[in-house]
Amino acid sequence: MFGEGGPAFATGVDSARPREGDRLVAEDSEGKPKALQLLDIKIGDKPFGAFPFNPADGIKREGSRLNRIILVRFDSSELTPDQLARSADGVFAFSGVCPHRGCDVTEWNDKDRMILCYCHLSQFDPRNQGAVFAGPAPRPLPILPLKSEQSEIVIAGEFSSEPGGAKAID
């Protein structure tokens, strides 16, 4: 749905949008991608930045900032069956680009357990499909469904909507 050459015209192999079956790698990793494991994402920690990669070719898709993904984790016992269905054992994945003005989403409001964009203070509820909790964001953070296979975090589908904001730059 949101494949190569989207609105920001990313066309390289390393810019292809996340696909079902892709694994995730830490955004600051170097060298050959090593798939993130469920235990790499700690319950209650601030958002963890990642990029998708295809395990068959090992290409980290970091050529587009719209591929930046943030991961947050909740205790599975606190989640409803519907919430668990969109997560990998309580790990949720969202676009790392705010839908307001395209800033990087990196912060965590520990008190309310919300994802926070530092630019204009939009807050997003990760347990409610990234819904806007506060601030000027016009829509939820796009969610990326996940599953786990042998403790690896695996992408289970496409973003719920196109990543990026009104001023997002690829």
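The values are calculated or read from the model by the stated rules, or taken from the named source; none is laboratory data. Nothing here was measured: the structure is a model prediction, and the numbers come from that model. When we count neighbours, we look across all protein chains shown, and the Cβ atoms used for this are built from the backbone with ideal geometry, even at glycine. These accessible areas exclude ligands, DNA and RNA; they are computed on the full protein's heavy atoms, side chains included. Shrake-Rupley method; radii C 1.70, N 1.55, O 1.52, S 1.80 Å.
See the values below:
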| item | result |
| --- | --- |
| Within straight-line cross-link reach of K111, aspartates and glutamates at Cα separation under 15 Å, skipping those fewer than 8 residues along the same chain | D45, D125 |
| Heavy-atom accessible surface of the chain: percent carbon and sulfur, 1.4 Å | 51 |
| Partners for K147 among lysines (Cα-Cα distance below 25 Å; same-chain residues under 8 apart left out) | K32, K34, K42, K46, K60 |
| Theoretical FRET efficiency, 1/(1+(r/R0)^6), r = Cβ-Cβ of D14 and S76, R0 35 Å, to 0.05 | 0.60 |
| Distance in nm between pseudo-label sites at A131 and K46 (7 Å out along the Cβ direction from Cα) | 2.7 |
| Heavy-atom surface of region 104-157, accessible at 1.4 Å and reported per residue (Å²) | 47 |
| Virtual spin-label span in nm between L84 and L121, 7 Å along Cα→Cβ | 3.7 |
